[in-house]
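The values are calculated or read from the model by the stated rules, or taken from the named source; none is laboratory data. Note that the coordinates shown come from a computational prediction; the quantities given were computed from them, not determined experimentally. Note: ideal-geometry Cβ built from the backbone for every residue, glycine included; neighbour counts use all protein chains shown. To get the accessible areas, we keep the full protein, side chains included, count just its heavy atoms, and leave off ligands, DNA and RNA. Shrake-Rupley method; radii C 1.70, N 1.55, O 1.52, S 1.80 Å.
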Amino acid sequence: MEQENIDFKILTDYILSINLCDDFDFNLIEDWAIQFINLGCENEALYTLATFYKPINLDEIMPYLKRTFLELNLKEKYNDEAEICYARYHFNKVVKGEDVRTNLFRAAIFCDGDGRKTHPDEELNFGVLSEIWLDMKYDVDYWYRGVNISNIEQKVIEKSKWWLENN
């Protein structure tokens, strides 16, 4: 149950970071609204959000989402705070082994060289790992500092766990 609460908080913070970038997954909003309703939250805008069918149209959903934020006293995230929430959402997916490569690429944009705590092996940061993984797409024998096709996913998961625990 505890992990479910953590996952829901991470998802909520991700949704509150909706204005951060263009690759936001709007389809998560319906599931998020249903989870809120299941927790006992009741308001008309939230019920409306739960009735949208995927794929979700941003223009149609935004008024209800903004109203839900207001009615539930949820504050949208901006700038550094939004970047951390966005990265946290994707690293949480990485740690669970869900589409590790794609989630690494999405999170790496916002988490290296920005003053946040970085892994002790700074030379092998998330941006470098992303580039290595892309290079391996074209050359499966490629390796860099002990990272190769057979261990890159595990290295990314380990580093993502560290990031989540320290940021």
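A compact table of results
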| read-out | value |
| --- | --- |
| FRET efficiency for Asn79 and Asp22, using Cβ-Cβ distance with R0 set to 22 Å, rounded to 0.05 | 0.85 |
| Accessible surface, per residue, of the chain when the full set of protein chains is kept, probe 1.4 Å, Å² | 57 Å² |
| Longest site-free stretch - the chain; sites: chymotrypsin sites (Phe, Trp or Tyr not before Pro), DSSP loop, at most 14 other Cβ within 10 Å | 79-167 |
| Over the chain: helical MRE at 222 nm, DSSP H runs n ≥ 4 each giving -39500 (n - 2.57), nearest 500 | -19000 deg cm²/dmol |
| At most 13 other Cβ within 10 Å, DSSP loop - trypsin sites (Lys or Arg not before Pro), segment 120-159 | Arg145 |
| For the chain, built as a Gaussian network whose Cα springs stay under 10 Å, the top-fluctuating residue of Val156, Val147, Val94 | Val147 |
| Highest-MSF residue in the chain out of Cys85, Cys41, Cys111 [GNM, Cα springs under 10 Å] | Cys41 |
| DSSP-assigned coil residues among GluC sites (Glu not before Pro) in segment 121-167, each with at most 10 further Cβ atoms within 10 Å | none |
| Max mean-square fluctuation residue, GNM over the chain, Cα-Cα springs under 10 Å, options Asp80, Asp59, Asp135 | Asp59 |
| Flagged links, alpha-carbon separation over 30 Å, of Lys93/Lys137; Lys9/Lys137; Lys54/Lys96 | Lys9/Lys137 |
| Normalised per residue, the volume of the convex hull around the Cα set of the chain (Å³) | 125 Å³ |
| Loop sites in segment 1-54: GluC sites (Glu not before Pro), DSSP, at most 13 other Cβ within 10 Å | Glu42 |
